[in-house]
Ligand SMILES: Nc1ncnc2c1ncn2[C@@H]1O[C@H](COP(=O)(O)OP(=O)(O)O)[C@@H](O)[C@H]1O
Ligand SMILES: Cc1cn([C@H]2C[C@H](O)[C@@H](COP(=O)(O)OP(=O)(O)O)O2)c(=O)[nH]c1=O
């Protein structure tokens, strides 16, 4: 079984991914807990060129293009799928990924790229059984990650996160595997909501 956790920055994805992995392990399942961007050379390149916002992300005097960013995320994902996700699913393990191609759709679309091009670009990515979308207002997520980003960037980031949140909600109407979970609740209540969705999915297998 392949489960993905999605949501804006600070939505609680890594917290819930870890709890869900423990839930499966306690029940005797073999679990692979993973994330995107990955920790491989491609993921490191993304952190260097895309996520630092510093001078390493500048090529020939300009920031790398949003198209190049989308291609880097897709290249990282292609390796992730081929080397870890597919082999683990085939070995009967439970794969839990903190972010997947839905992040590319929500974020790179918010950067102004064409959604249909992004969907085509990511068509190689095996579809998960279940995608948990942790949804919460940007104001709340900003409170949770306060300190992770510098203050002067706050408003610009909040604006982007708002678009990303809206995009995720639109994507949930298009991709039936996506389920919206209210991420304003307590860590424990959210975990219980996720477990209910997972148990429903397990009962279908
Ligand atoms: N339900 C929750 N209520 C309040 N704070 C939370 C909740 N879930 C996570 N947090 C806290 O919010 C911050 C961001 O959570 P994290 O799981 O790292 O989010 P993400 O992986 O989506 O960026 C962390 O400090 C975490 O402890
Ligand atoms: C996977 C992915 C992430 N992102 C963005 C979302 C986050 O703001 C950022 C980094 O993800 P994040 O989960 O914060 O990873 P880390 O804490 O390891 O740096 O990358 C995209 O724009 N597109 C993608 O395809």
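Quick notes on this structure:
- Protection proxy ranking for 24-33, 70-79, 157-166, using the average of other Cβ atoms within 10 Å per residue and placing the highest first: 70-79, 157-166, 24-33.
- Rounded, prolate or oblate (a/c below 1.5 giving rounded, otherwise prolate when a/b exceeds b/c) for segment 59-150 by Cα gyration tensor: oblate
- Packing around the peptides 93-106, 188-201, taken as the average count of other Cβ atoms within 10 Å per residue, puts them in this order, highest first: 93-106, 188-201.
- Gained length - residue 41 relative to residue 18, 0.36 nm times residue gap less alpha-carbon distance: 5.9 nm
- Least to most buried among 9, 114 (fewest other Cβ within 10 Å first): 114, 9
- The alpha carbons of segment 2-204 occupy a box of 53, 36, 29 Å along the principal axes, longest dimension given first.
- Principal-axis analysis of the Cα atoms of the chain puts helix 154-174 at an angle of about 40° to the longest axis.
- Contact order normalised by residue count of the chain, Cα under 8 Å, 6+ apart, percent: 32 percent
- Summed over qualifying helices (DSSP H, 4 residues or more, each -39500 (n - 2.57)) and divided by its residue number, the chain shows a 222 nm mean residue ellipticity of -15500 deg cm²/dmol.
- Label point distance in nm, residue 143-residue 71, each placed 7 Å from Cα along Cα→Cβ: 4.2 nm
- The calculated FRET efficiency for the pair residue 126 and residue 159, based on their C-beta separation and a Förster distance of 22 Å, comes to about 0.10.
- Gain on full stretching of the segment that runs from residue 86 to residue 30 - 0.36 nm per residue minus C-alpha separation: 18.7 nm
- Applying 0.36 nm per residue to the separation of residue 205 and residue 192 and subtracting their alpha-carbon distance, the gain on full extension is 2.7 nm.
Computed from the coordinates by the stated procedures, all read-outs in this text should not be read as laboratory data. On a predicted model such as this, the values are computed, not experimentally measured, just so you know. Neighbour counts are summed over all protein chains in view; Cβ atoms, including those assigned to glycine, are modelled from backbone coordinates with ideal geometry.
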